[in-house]
Amino acid sequence: MPSSSLAELGWTEFFEEQLGDVSEPAAVPMRVSIEHQDRYTIVGPSGVRDAHLTGKLLQEANRGGPRPAAGDWVAAIPEGPICHVFRRRTAFQRVSPRGKLQVISANIDRVLIVTSCNAEFNVRRIERYLSAVSQSGARPALVLTKIDLCDAPNYYRDQLQAVAGDTPIILVATPTGVGVDDIDPLLGPGLTLALVGSSGVGKSTLANALMHEYKFVTAAIREQDAKGRHTTTRRELVVLPDDRGILIDTPGMRELQLTADTDDQKRAFADIVELAQECQFRDCAHKSEPGCAVRGVIEESRLHNFHLIAHETRTTSATKKKTEKAVHRGSTRRRTKKPSKV
Ligand SMILES: Nc1nc2c(ncn2[C@@H]2O[C@H](COP(=O)(O)OP(=O)(O)OP(=O)(O)O)[C@@H](O)[C@H]2O)c(=O)[nH]1
Ligand SMILES: [Mg+2]
Ligand SMILES: [Zn+2]
């Protein structure tokens, strides 16, 4: 990666204001491109290199403090370790299959939820992604790929439209270039965009198209069921050419378990929340109550998903509270640093 200025890498006033928190005077801001098992690839005006965390930061991370992820801003001692993690502006995260909160990408402006016109398509999954993006603080966009392989892309498009609200929907046939320019309005100097979605939907193919080079490895999907092969195995931040911003490619996700936040859920299901004001009972669950204004109006499968996500949010939020209590108990002797604000 050629070296870029801080602004080209997405540095803003928000981080500038945190410079006072960096205790090491020689340290300079850099951005995390790749999170490896034991080290990080970081990028800054001086170029790209690998760095470890200081022992102190590693200890803090192991106790639940901030652990840098792709897209994070850190301060690193020149040719030395990372000694500080800046507070995040936004973060797209999920609960990992092992039950841990996992940051998929940090400090992003836009999340492109990528899905394809084939057996992979599942509008209920898209709702979950939309809900997760609204929790991230970033704005979503929907990208429907492989329209060149499909007789009726509008069939898929209409289903997306039904859950998208005012989220932009972009249709592409990436290898032919069709639709790729429609992503341009979402790009811009210093803006960070993350690509998320199932394996095989064409995230890396799209990333390469936006990079104008074959940077990310791509591979054909299985013919019989359109399943991807989990080709991309790590999250990676790159700088787009012509000052069009920053992009993070991510591995395909098998499942997207959400983190708990009822407010964001309300945003993702704003139509249901609005209709619910007309329900006869204030605590109507829109299941079998009389005088329900939601049931019968909202598509049944969408309502079903609303119930599922609501249930999950309640469960995760209860677990989270328990974990927070445990963490709190463990940290009474020594105050740990304020966790990153996400
Ligand atoms: N015909 C067509 N093929 C596409 C399109 N987008 C991607 N592909 C193909 O779909 C396959 C999978 O694409 P990838 O970019 O590797 O998918 P991915 O989402 O990055 O997958 P993971 O890295 O496994 O998460 C490749 O063979 C691509 O050439 C498209 O719009 N049209
Ligand atoms: Mg990929
Ligand atoms: Zn109701």
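The values are calculated or read from the model by the stated rules, or taken from the named source; none is laboratory data. These figures come from a predicted structure and were not determined experimentally. Cβ atoms come from the backbone with ideal geometry, glycine included; neighbour counts cover every protein chain shown. When the accessible area is computed, the model is the full protein with side chains, heavy atoms only, and any ligands, DNA or RNA have been set aside. Shrake-Rupley method; radii C 1.70, N 1.55, O 1.52, S 1.80 Å.
Antiparallel versus total DSSP beta bridges in the chain: what percent is that, nearest 5? Spell out each step's value before the answer.
Numbers: 28 of 49 bridges.
Bridges in the chain that DSSP calls antiparallel: roughly 55 percent.
Compute all pairwise cysteine Cβ distances in the chain, then list the cysteines with no distance under 4.7 Å to another cysteine.
Here Cys83, Cys292 come out as lacking a disulfide-compatible partner, given the Cβ-Cβ threshold of under 4.7 Å.
Loop only per DSSP, at most 11 neighbouring Cβ atoms within 10 Å: give me the trypsin sites (Lys or Arg not before Pro) in segment 68-151, ordered by residue number.
Answer in residue order: Arg98, Lys100.
For the chain, give the percent of accessible area contributed by carbon and sulfur heavy atoms, probe 1.4 Å, rounded to a whole number.
Here it works out to 50 percent.
Between Arg98 and Asp242, what is the label-to-label distance in nm when each label sits 7 Å out along the Cα-to-Cβ direction?
4.2
Can you give the helix-only mean residue ellipticity at 222 nm for the chain, where every DSSP H stretch with n ≥ 4 adds -39500 (n - 2.57) and the sum goes over all residues, rounded to the nearest 500 deg cm²/dmol?
So the helix-based figure for the chain works out to -8500 deg cm²/dmol.
Under 12 Å from the Cβ of Val217, count the other residues' Cβ atoms, weight Lys and Arg +1, Asp and Glu -1, and hand me the total. If you can, show how the numbers build up before the last one.
Working: positive: Lys203, Lys215, Arg229, Arg234; negative: Glu236, Asp249.
It works out to a net charge of +2.
Could you give the length gained by full extension between Met1 and Tyr214, i.e. 0.36 nm per residue of separation minus their alpha carbon distance, to one decimal place?
75.4 nm
Given the options Val95, Val273, Val238, state which has the largest fluctuation in a GNM of the chain using a 10 Å cut-off (strictly under) for Cα springs.
Checking each option, the largest mean-square fluctuation is seen for Val273.
Counting Lys +1, Arg +1, Asp -1, Glu -1, what net charge surrounds Arg128 among other residues with beta carbon under 10 Å of its beta carbon?
0
What is the extension gain from Ala119 to Leu149, computed as 0.36 nm multiplied by their sequence separation minus the C-alpha to C-alpha distance, in nm to one decimal?
9.6 nm
Each residue of segment 292-299 in order: what ³J(HN,Hα) in whole Hz does its phi give by Karplus 6.51 cos²θ - 1.76 cosθ + 1.60, θ = phi - 60°, with x for Gly and Pro?
After applying 6.51 cos²θ - 1.76 cosθ + 1.60, I find 7, 8, 9, 4, x, 9, 7, 3 Hz.
If the only charges are +1 at each Lys and Arg Cβ and -1 at each Asp and Glu Cβ, what is the size of the charge dipole of segment 122-184 around the Cα centre, to the nearest 20 debye?
Details: 6 positive and 8 negative charges, 75 e Å.
Dipole size: approximately 360 debye.
Longest span of the chain, sites excluded, free of chymotrypsin sites (Phe, Trp or Tyr not before Pro) in DSSP loop with at most 13 other C-beta atoms within 10 Å?
For chymotrypsin sites (Phe, Trp or Tyr not before Pro) (loop position, at most 13 other Cβ atoms within 10 Å), the longest site-free span of the chain is 1-213.
GluC sites (Glu not before Pro), restricted to segment 1-77: which are DSSP loop and have at most 13 other Cβ atoms within 10 Å?
In loop regions of segment 1-77 (DSSP not H, G, I, E or B), the sparsely surrounded GluC sites (Glu not before Pro) are Glu17.
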